[in-house]
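The values are calculated or read from the model by the stated rules, or taken from the named source; none is laboratory data. Just so we're clear, the structure is a prediction, and the values are computed from it rather than from any experiment. With ideal geometry, Cβ positions are generated from the backbone for all residues, glycine too; neighbour counts draw on all protein chains shown. To get the accessible areas, we keep the full protein, side chains included, count just its heavy atoms, and leave off ligands, DNA and RNA. Shrake-Rupley method; radii C 1.70, N 1.55, O 1.52, S 1.80 Å.
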Amino acid sequence: MESTNILAISGSLRSGSFNTAAIEAIHQLSPSNIEINIYRELGNIPLFNPDIDAKTLPVINRLIAALRDADGLIIASPEYAHGISGVMKNALDWLVAGEEFVAMPIALINTSPRAIHALASLREILTTMSGVIVDEACLSLPLLGSGMSANDIVHEPTFAEPLQNSLFEFCSAIQASQPGKYSGQNH
Ligand SMILES: Cc1cc2nc3c(=O)[nH]c(=O)nc-3n(C[C@H](O)[C@H](O)[C@H](O)COP(=O)(O)O)c2cc1C
């Protein structure tokens, strides 16, 4: 059976990050036919400089390879001063000139329902990069201030069930967009 490969990125470097916890919970909740590859190098990416050829940077080449392997992308990223996190924007800037985002299905997980500005900005950036936001798979979870870890989320049905539904909707949309790859398969 063909598996679905999903790259998942948290836009926070904070050790107790709710966005990272949500990503890790999705990883734990995913069935065996869905591969969730959690991207862990966001903090190692140099500051974007258009003078530098991205292909000379191993860390960028690894990110590009991970995106090429992915059938879809999940992003959970915080809001800082009504904007998206600097580390997230920095990574995206290195990728603007490439083709990796063209038609890439993307699900956005928002861990703070009040953080509407960063979410809107992230949508605008990603669609400008020709990504396709899968609305049915986007989810807002009130994790801010909850103190919850990935394990806590997995064992709390009011969070775990929406995350599983989001993943199901996301994979259904990915399969519908690649009928040749997944013919005869149902998640
Ligand atoms: C410098 C700073 C600025 C912030 N600005 C906002 C903001 O404008 N809107 C908001 O909803 N939350 C804001 N927050 C709260 C963060 O989004 C919140 O702490 C979030 O949980 C961070 O994500 P993380 O838990 O994944 O690290 C801010 C936090 C910091 C540290």
Reported to the nearest 10 Å², residue 155 has, with a 1.4 Å probe, an accessible area equal to 140 Å²
Expected-Rg normalisation [2.2 N^0.38 Å, Cα atoms] applied to the chain: 0.99
Whole number please: convex hull volume per residue of the Cα set in segment 49-92, in Å³? 82 Å³
Considering the chain as a Gaussian network with a 10 Å cut-off on Cα pairs, which listed residue, 61, 37, 19, attains the greatest mean-square fluctuation? 61
Cβ-placed point charges (K, R +1; D, E -1), dipole of the chain about Cα centre in debye, nearest 20: 260 debye
Under 8 Å for C-alpha pairs, at least 6 residues apart: give me the relative contact order for the chain, rounded to a whole percent. 25 percent
Could you let me know the centre-to-centre spacing of segment 121-146 and segment 21-95, using Cα atoms, in angstrom? 14 Å
Fluctuation leader among 76, 120, 160 - the chain, Gaussian network, Cα springs under 10 angstrom: 120
In whole Hz and in residue order, list the ³J(HN,Hα) couplings for segment 157-168 that follow from phi through the Karplus curve 6.51 cos²θ - 1.76 cosθ + 1.60, θ = phi - 60°; x for Gly and Pro. x, 5, 9, 5, 5, x, 5, 5, 4, 4, 5, 4
Within 10 Å of each candidate Cβ there may be at most 14 other Cβ atoms; applying that plus a DSSP loop requirement, which GluC sites (Glu not before Pro) in segment 60-164 survive? 99
Just name one of 119, 108, 154: the one whose Cα is farthest towards the positive end of the charge dipole of the chain (beta-carbon charges, Lys/Arg +1, Asp/Glu -1). 119
When the chain is treated as a Gaussian network with springs between alpha carbons less than 10 Å apart, the largest mean-square fluctuation among 135, 53, 69 is found at 53
For segment 4-177, share of DSSP beta bridges that run antiparallel, in % to the nearest 5: 10 percent
Taking loop as defined by DSSP and a crowding limit of 15 other beta carbons within 10 Å, which trypsin sites (Lys or Arg not before Pro) in segment 1-109 fit? 14, 40
For n ≥ 4 DSSP H runs only, could you compute -39500 (n - 2.57) per run for the chain, divide by its residues and tell me the 222 nm figure to the nearest 500? -12500 deg cm²/dmol
